[in-house]
Amino acid sequence: MKYSNEMTLTISALSQNESFIRSSVASFSVLLNPSIEEIGDIKTAVSEAITNCIVHAYKGRNGADRITVKVGITDRTLVIDIIDYGSGIDDVSLAMQPFFTSGNTEERSGMGFTVMQALMDELKVTSKPNKGTHVLMKKHIQQTNNDIDEGADA
Amino acid sequence: MEVISKQESDKTIIYLMGELDNHNADYARTKIDDIMAQSLKRIVVFDLKLLSFMDSTGIGVLIGRYKKAKGKQQLFVKNPSRTVDKIFLMSGLYDIMPKV
Ligand SMILES: Nc1ncnc2c1ncn2[C@@H]1O[C@H](COP(=O)(O)OP(=O)(O)OP(=O)(O)O)[C@@H](O)[C@H]1O
Ligand SMILES: [Mg+2]
């Protein structure tokens, strides 16, 4: 896809990077002038996807594993790709069901994909066992009064 | 992140502050469990006023505390951000931990 502006981040799959990754994507998205709530939605959805890479795709491994995060802008839409090269998912539609988790059911809600789906406008998950998983999310950022005012002034 | 508590006459208030994500979840669990084990109050309120971020890992942490309390304590949440409010609603968290 052709973007008017894009960035790519390849980073170690370590939990201490979670905050940096979601903040980086949120900072980039500020170019579209999102509301505070939209920034919260983007940060949360990105956090869900990268946490899954760290917790599930590369479970129990440490160090050399990488996550790739791509963010592109077309018009007022933010397109986010999150790619890992880990375990993959056997049954994607089962994994995406609300409350499904392969983790510890006492401590994991199994709501990650449901949250991504609800906070973003589009979610596509493709996965190959032992090859990895690709999460694609899109969010349309609403035009704010601020943008319109700036436009009128220009 | 940081977890601090305040005792009021009838309840314990637990302030979750900063970012509650997968990286901080173990710390949050341990801190909250310590506070809840020491508190004799039947009502525990999680105040999220100073929480700048939480995702589904945080929902898991809260549900885990609810399961651990086994009904001996009643749990509530207060002051979620708009995004957190949405994820609490969709996960049914308010059914077990009402918003006050
Ligand atoms: N990148 C991934 N690689 C491998 N498996 C994955 C990946 N993402 C998700 N999964 C699988 O899909 C399941 C559901 O993911 P989801 O994020 O919805 O819930 P969870 O991570 O188990 O719990 P929560 O996100 O609420 O802490 C996971 O338990 C895991 O089995
Ligand atoms: Mg998850």
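Within region A:38-67, the set of residues being more than 15 Å from ligand 1 (Cβ to nearest atom) and at pLDDT below 95 comprises A:62, A:63, A:64. Identify, by number, the condition in (1) more than 15 Å from residue A:52 (Cα to Cα); (2) touching a helix residue (DSSP H, G or I) at 6+ places or on another chain (Cβ under 8 Å) that residue A:93 doesn't meet. Only one criterion is unmet by residue A:93, namely (2). Checked against (1) away from every other protein chain (no Cβ under 13 Å); (2) free of Cβ contacts under 8 Å to residues at least 40 places away in the same chain; (3) near ligand 1 (Cβ under 9 Å from one of its atoms), residue A:122 passes all but condition (3).
If you go through region A:125-141 and pick out every residue that is away from ligand 1 (no atom under 11 Å from the Cβ) and touching a helix residue (DSSP H, G or I) at 6+ places or on another chain (Cβ under 7 Å), you end up with 3.
Just one residue in the set B:96, B:63 is aliphatic (A, V, I, L, M) and surrounded by 18 or more Cβ atoms within 10 Å (Cβ to Cβ); that residue is B:63. Tallying residues that are within 16 Å of ligand 1 (Cβ to nearest atom), more than 8 Å from chain A (Cβ to nearest Cβ) and in contact with a Phe, Trp or Tyr (Cβ under 8 Å, 6 or more places away or on another chain) within region B:42-76 yields 1. Of all residues in region B:77-87, at least one satisfies being away from every other protein chain (no Cβ under 12 Å) and either more than 13 Å from the chain's Cα centre (by Cα) or not basic (Lys, Arg) (or both). Checking each residue of region A:23-41 against the condition of being within 19 Å of residue A:119 (Cα to Cα), free of Cβ contacts under 8 Å to residues at least 60 places away in the same chain, β-branched (Val, Ile, Thr) and away from every other protein chain (no Cβ under 14 Å) gives at least one match. Here residue A:18 does not qualify as within 14 Å of another protein chain (Cβ to nearest Cβ), in contact (Cβ under 8 Å) with a residue 40 or more places away in the chain and surrounded by 20 or more Cβ atoms within 10 Å (Cβ to Cβ).
Between a first residue in region A:99-112 that is within 8 Å of chain B (Cβ to nearest Cβ) and a second residue that is charged (D, E, K, R) and within 12 Å of ligand 2 (Cβ to nearest atom), which pairs have beta carbons less than 8 Å apart while being 6 or more apart in sequence or on different chains? These pairs meet every condition: A:112/A:48; A:112/B:55. The residue that is modelled with the lowest pLDDT, counting only those in region A:73-89 that are more than 23 Å from residue A:131 (Cβ to Cβ) and touching a strand residue (DSSP E or B) at 6+ places or on another chain (Cβ under 7 Å), is A:76. Within region A:37-57, if we keep just the residues that are within 9 Å of ligand 2 (Cβ to nearest atom) and among the hydrophobic types (A, V, I, L, M, F, W, C), the residue that is farthest from residue A:133 (Cα to Cα) turns out to be A:55. Could you list all residues from region A:86-108 that are part of a loop (DSSP other than H, G, I, E, B) and farther than 21 Å from residue A:14 by Cα? Scanning region A:86-108 gives A:90, A:91, A:96, A:97, A:98, A:99, A:100, A:105, A:106.
For (1) in a strand (DSSP E or B); (2) modelled with pLDDT of 95 or more, each residue gets a yes or a no:
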{"residue": "B:29", "(1), (2)": "no, yes"}
{"residue": "B:40", "(1), (2)": "no, no"}
{"residue": "B:45", "(1), (2)": "yes, yes"}
{"residue": "B:52", "(1), (2)": "yes, yes"}
{"residue": "B:60", "(1), (2)": "no, yes"}
{"residue": "B:66", "(1), (2)": "no, yes"}
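When residue A:28 is tested against (1) within 30 Å of residue B:67 (Cα to Cα); (2) within 16 Å of the chain's Cα centre (by Cα), exactly one condition is not met: (1). Taken as a whole, the structure leaves residue B:30 outside the set of residues that are without any contact (Cβ under 8 Å) to a residue 40 or more places away in the chain and buried (at least 18 other Cβ atoms within 10 Å of the Cβ).
The values are calculated or read from the model by the stated rules, or taken from the named source; none is laboratory data. Remember, predicted model here, so these are calculated numbers, not experimental data. Counting neighbours? That spans all protein chains shown, and the Cβs are built from the backbone with ideal geometry, glycine included.
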